[in-house]
Amino acid sequence: MTAMKWFYSFLRKHNLKMLFGMVLVTLISVLAIVKPIVSGSIVDDVITAGNYDLLPMLIASLIIITIIRGILRYWSQVIFETCSQEVLYSMRDKVYRKLLLEDFAFYNKKRTGDLLSRQTGDMDAIRHFVAFVIYQVYELVFLFFFALVMIFTTNWKLALCMCLVLPFAAIVTLSQRKQGRPLFQKIREQFSSLNTFVQENISGNRVVKAFAKEDFEIEKFNKENDAYRDAELEAAEIWTKYVPLFEFLSNMLTIILMLVGSIMVVNGSMTLGDYVTINGYLWMLMNPLRQIGWRINDIQRFTTSVEKIYATYSEEPKVRIPKKPIEKKKFKGEIEFRNVSYSADDEDIIRNISFHVQPGQTVGILGSTGAGKSTIMNLLCRFYDVTEGEVLVDGYNVKSLDLYNLRQNIGMAMQDIFLFSDTIEGNIAYSRPNCPFEQVKKAAIMADANHFINTLPDGYDTIIGERGVGLSGGQKQRISLARALLKEPSILILDDTTSAVDMETESYIQKQLKSINHSCTTFVIAYRISSIKDSDIILVLDNGRIVEQGSHEELLQNNGYYATVFRHQYGDYEKYTTEGGVTHGKK
């Protein structure tokens, strides 16, 4: 499907309304054509022939025509504006729904500002085209050719003289269209770039202020702003060059009428009334020539915007929903990775990972930055698809499961915490918006968030800023954890969730988590040994591989990477003994 066919699939639903609007525009144009005939009749039949009895009727007809044209114009514009808004609503909804279906790989490559531009500036160009440009172009073309026919009917010799201008107008039109198209594409790209820059700087304003880089960012903004301005001016040079040409050609019609027409009236080969009639039609020829440059600009903005939006819309996600997915409302939480590898952009991120987790077990994952810890969880949630191997949940390959059901059974407190500009209650209850407040509070208590929430001015009704502005790192982590716990998932993923809280708070949260472990398989990604030492299984990752696997005591005895990290965090122990399941160290 081409971009234009895709656009027409939205417009097609309003064909009858648009057709009716075109009928009204046709009537408006026909009534406009009648006015010069009436004016010519006033000159020939009333002024020249002296039939003054016709004057009241002719003037009344002009008044009635003007009133009817005004009513029809209003009606037609309401129809086109309504259709444009409905097309825009459907298109924006369709594009937004597709964006929600895109996977992480799509968003990793796309800039937020580009996507916002597709939904704002490009959509508005389409609205303008449907609401205004379509009927304007139709009306201009209709008036031009109908007026030309009427001029031929009135005096074919004068009409032939006027037709000498048309080839030049066609050449200028094609030339402008050819030169303008790449420039409008450049404008949309620069607009997206400017939009992206502003969005990033507003979101990251705290970093800018923290490093006192306001002047530096202003300088960068000026470059983006200058580039957008230059792109607009470069396009403006096109129509500033061609619009005067169209204006010149339209004025040539007046000159032809004045010279040739006057000679013909003097010679008696044309009446003065015919001269007035043709003069009335003249604006119907001149106006299209004057407007054609502007309308070409509008059309090229429209086509460029449709192509940009469709290019974004047509990108298919790599993570595909199975045609006949296995639907399972509640999972037990048995997880198995079988020889799983994952590569992205020709880089091996996960290599030959295998492990098996029984329902209700807790899995700790430890490793250096970039070892692949979060990637394993992303593969489990099917944010990405494995390159090799299988990820199984309750014995089913995640590729065969319904994505919605799979992710409904997974609660995730992410490393990159995102909180909406909403109340604290709204953020915690995001996965279950209609749940009772008591359950929201219970989840907050388990995450040790209830205490600090109650100290806020409006408690759970406190509005927090975008991305949690106004809260500390630890407070945001606890709200994120409460949001995951409220979901009551079969699988709970905690990705470095307690890194910003103190040891006492972490100990409290761990005790609360133990109370739900029997019904929930838990994955804990952390850099602190204290966060994972009580896990049933501990996976140690390095460079995308599992280099160690076992319990806390077993890994200490192996004296590998895990034991090294333990010594760095707890001190230089020479001997380790395990008594009653608790590890003690002796210097």
With θ set to phi - 60° and the Karplus curve 6.51 cos²θ - 1.76 cosθ + 1.60, what are the ³J(HN,Hα) couplings of region 7-14 in order, to the nearest whole Hz, using x for Gly and Pro?
4, 5, 4, 7, 6, 4, 5, 10
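Which FRET efficiency value, to the nearest 0.05, is calculated for Asn543 and Asp93 with the Förster distance at 56 angstrom and r the Cβ-Cβ distance?
0.80
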Could you list the residues of region 98-129 with an amide nitrogen less than 13 Å from a label point located 7 Å from the Cα of Ala227 in the Cα-to-C-beta direction?
114
Using a basic spin-label model with each label point 7 Å from the Cα along Cα→Cβ, how many nm lie between Gln439 and Met503?
3.7
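State, as an integer percentage, the relative contact order of the chain based on alpha-carbon contacts under 8 Å between residues 6 or more apart. Numbers along the way, then the final one.
Working: 819 pairs, mean separation 79.7, N = 587.
Reported relative contact order: 14 percent.
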Just from the alpha-carbon atoms, what are the Rg and Dmax of region 209-268 in angstroms?
25.8, 86
The chain - percent of accessible surface contributed by carbon and sulfur, probe 1.4 Å:
57
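Report the calculated FRET efficiency for Met414 and Phe132 (r = Cβ-Cβ distance, R0 = 45 Å), to the nearest 0.05. Please report the intermediate quantities before stating the final value.
Numbers: r = 45 Å, r/R0 = 1.00.
The pair Met414/Phe132 has a calculated efficiency of 0.50.
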By how many degrees, 0 to 90 and rounded to 10, does the Cα axis of helix 166-203 deviate from the longest principal axis of the chain?
30
How large is ³J(HN,Hα) for each residue in region 275-292, as worked out from phi by the Karplus curve 6.51 cos²θ - 1.76 cosθ + 1.60 (θ = phi - 60°), to whole Hz, x for Gly and Pro?
4, 5, 4, 5, 4, x, 6, 4, 5, 6, 8, 6, 4, x, 5, 6, 7, 4
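Sort 432-440, 456-464, 328-336, 405-413 by the packing proxy (mean of other Cβ within 10 Å over each peptide's residues), most packed first.
On the way: 432-440: 12.2, 456-464: 14.1, 328-336: 17.2, 405-413: 20.2.
Packing order, densest peptide first, comes out as 405-413, 328-336, 456-464, 432-440.
With r as the distance between the Cβ atoms of Ala170 and Lys328 and R0 = 51 Å, compute the FRET efficiency 1/(1 + (r/R0)^6) and round to 0.05. Before the final figure, lay out each step's value.
On the way: r = 65 Å, r/R0 = 1.28.
Result of the calculation: an efficiency of 0.20.
What's the long-distance tail for region 162-251, i.e. % of Cα pairs beyond 18 Å?
On the way: 2367 of 4005 pairs.
So the pairs more than 18 Å apart make up 59 percent of the total in region 162-251.
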Out-of-range pairs (alpha-carbon distance over 30 Å; input Lys94/Lys324; Lys220/Lys373; Lys110/Lys533; Lys223/Lys308; Lys220/Lys241)
Lys220/Lys373; Lys110/Lys533; Lys220/Lys241
On each of the three principal axes the extent of the alpha-carbon atoms of the chain, given in whole Å and largest first, is 125, 50, 45
Partners for Lys442 among aspartates and glutamates (Cα-Cα distance below 13 Å; same-chain residues under 8 apart left out)
Glu425, Glu488
Under the Karplus curve 6.51 cos²θ - 1.76 cosθ + 1.60, θ = phi - 60°, whole-Hz ³J(HN,Hα) for region 136-153, x wherever Gly or Pro sits
5, 5, 4, 5, 5, 5, 4, 4, 4, 6, 5, 5, 5, 4, 5, 5, 4, 5
Could you tell me which of Leu72, Tyr52, Val95 has its Cα farthest along the dipole of region 38-97 towards the positive end, charges placed at Cβ (Lys, Arg +1; Asp, Glu -1), taken about the Cα centre?
Val95
Quickly estimate the mean residue ellipticity at 222 nm for the chain, helices only: each DSSP H run with n ≥ 4 gives -39500 (n - 2.57), and the total goes over all residues, rounded to 500.
-19500 deg cm²/dmol
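Full-extension gain between Lys110 and Asp385, please, as 0.36 nm times their residue separation minus the C-alpha to C-alpha distance. Don't jump to the answer; show the numbers that get you there.
Values: separation 275, 0.36 × 275 = 99.00 nm, distance 1.90 nm.
The span from Lys110 to Asp385 would gain 97.1 nm if fully extended.
Rounded to whole Å and ordered largest first, report the semi-axes of the equivalent ellipsoid of region 91-165 derived from its Cα gyration tensor (root of 5λ).
On the way: eigenvalues 497, 28, 14 Å².
Equivalent ellipsoid of region 91-165: 50, 12, 8 Å, largest first.
Quick one: accessible area per residue over region 195-350, 1.4 Å probe, rounded to a whole number of Å²?
Numbers: 9000 Å² over 156 residues.
Averaged over the residues of region 195-350, the accessible area is 58 Å².
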Restricting things to alpha carbons, tell me how big region 1-147 is in terms of Rg and Dmax, in Å.
23.1, 83
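Of all alpha-carbon pairs in region 91-244, indicate the percentage at a distance above 19 angstrom. Before the final figure, lay out the partial values.
Working: 8426 of 11781 pairs.
Here the long-distance tail beyond 19 Å is 72 percent of all Cα pairs in region 91-244.
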Report the Rg/Rh value for region 46-127, based on alpha-carbon coordinates and the Kirkwood definition of Rh.
1.50
Compute the length gained on full extension between Cys163 and Tyr404: take 0.36 nm times their separation in residues and subtract their Cα-Cα distance, giving the result in nm to one decimal.
80.2 nm
Could you tell me the distance between the Cα centroids of region 517-563 and region 279-338, to the nearest Å?
47
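Working out 0.36 nm times the residue gap between His568 and Lys17, then minus their Cα-Cα distance, what length gain in nm do you get to one decimal? Intermediate results must be reported in sequence, preceding the final value.
Details: separation 551, 0.36 × 551 = 198.36 nm, distance 7.40 nm.
Contour length minus Cα-Cα distance gives 191.0 nm.
Past the 20 angstrom mark, what percentage of all C-alpha to C-alpha distances in region 337-410 do you count?
Above the 20 Å cut-off, region 337-410 has 29 percent of its Cα pairs.
The values are calculated or read from the model by the stated rules, or taken from the named source; none is laboratory data. Note that this is a predicted model, so its numbers are computed, not measured. Cβ: placed from backbone, ideal geometry, glycine included. Neighbour counts: every protein chain shown. These accessible areas exclude ligands, DNA and RNA; they are computed on the full protein's heavy atoms, side chains included. Shrake-Rupley method; radii C 1.70, N 1.55, O 1.52, S 1.80 Å.
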